[in-house]
Amino acid sequence: MAKQSLSALKATNKDFNNVLDSFINIVDGDAWVDFNAGFLGNLTGTGLTGITDAQEIAALAAISSADAADTLAATLVTNAVNFMNSAHASAAGAIHLPQALRGHHLALIYTQSPDGHASAHSIHTEGGTGVVAGDVYAKQVIAGNCNNGVGATAVVTAGTAAAPTSQILTYTAAAAATNSLGAGSIIQFYCPKDGQWMVRASMVPQGTGATGAYTVAD
């Protein structure tokens, strides 16, 4: 049995267990509250313990030349706190989100700032282990909140509310200790609708926090 979309339940998957798996009850709904409040205490799954520079670089290479192990090592775990331990020291890298299923919530904590190299540090909605193609970032403004008066960085995702299209969220840091995304920063992801991710960025800036920027791509 598994979680199903409403259209699937109405069509061929009327099994009662599928209905229960697909129903968001009051406990599931707490994930939305947790996401907005920045509370991680209910994320009890076992997340990735520390994605490294080498794993990020290998995961990016695996997008064009498939490597299941490299992709798995950089696919974040849902309903869990994951850790990014990459200084982004030498080249562009990538990580993947898991399948976007309604009610799912996860977090990514940075134990280092990706400030070692001025190149793309990207988070992909597609391509992760077990992810069916089609996931996107919901229509939204993704804005880093530095909590120190610094505006940090903000980007509007592409497409419309009904048909969002962005699938890659990229942070490009400066090779300097002035980036908005520093050690201790927390990026949360929440799925309000199958196939779409919301993003909440709580940033701990380095120095002035004046450098580094988010961009999106389809």
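Can you pull out the residues in region 95-106 that are in contact with a Gly (Cβ under 8 Å, 6 or more places away or on another chain) and outside any loop (DSSP other than H, G, I, E, B)? Before the answer, list the steps.
First, the residues of region 95-106 that are in contact with a Gly (Cβ under 8 Å, 6 or more places away or on another chain): 96-100, 103, 106.
The answer is H96, L106.
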(1) in contact with a helix residue (DSSP H, G or I) (Cβ under 6 Å, 6 or more places away or on another chain); (2) polar (S, T, N, Q); (3) at pLDDT 95 or above all hold for N79 apart from (1)
In region 50-84, residues that are part of a loop (DSSP other than H, G, I, E, B), polar (S, T, N, Q) and either buried (at least 17 other Cβ atoms within 10 Å of the Cβ) or touching a strand residue (DSSP E or B) at 6+ places or on another chain (Cβ under 6 Å) (or both) total 3
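Criterion first (of a type outside the set (S, T, Y) and part of a strand (DSSP E or B)) does N42 satisfy it?
Working: of a type outside the set (S, T, Y): yes; part of a strand (DSSP E or B): no.
The answer is no for N42.
Quick one: would you say V132 is more than 15 Å from the chain's Cα centre (by Cα) and surrounded by fewer than 19 Cβ atoms within 10 Å (Cβ to Cβ)?
Values: more than 15 Å from the chain's Cα centre (by Cα): yes; surrounded by fewer than 19 Cβ atoms within 10 Å (Cβ to Cβ): yes.
Spelling it out, V132 is indeed more than 15 Å from the chain's Cα centre (by Cα) and surrounded by fewer than 19 Cβ atoms within 10 Å (Cβ to Cβ).
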Within region 173-197, of all residues that are surrounded by fewer than 20 Cβ atoms within 10 Å (Cβ to Cβ) and part of a loop (DSSP other than H, G, I, E, B), the one modelled with the highest pLDDT is G195
Counting only residues that are more than 14 Å from the chain's Cα centre (by Cα) and outside any strand (DSSP E or B), region 161-172 contains a total of 4
If we keep only residues of region 114-129 that are of a type outside the set (G, A, S) and surrounded by fewer than 21 Cβ atoms within 10 Å (Cβ to Cβ), then the residue farthest from A92 (Cα to Cα) is T129
If we ask which residues in region 198-218 are more than 15 Å from A143 (Cβ to Cβ) and outside any loop (DSSP other than H, G, I, E, B), their number turns out to be 2
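The values are calculated or read from the model by the stated rules, or taken from the named source; none is laboratory data. Keep in mind the model is a prediction, meaning the values are calculated, not measured. Don't worry about glycine lacking a Cβ; one is built from the backbone with ideal geometry, like all the others, and counts go over all protein chains shown.
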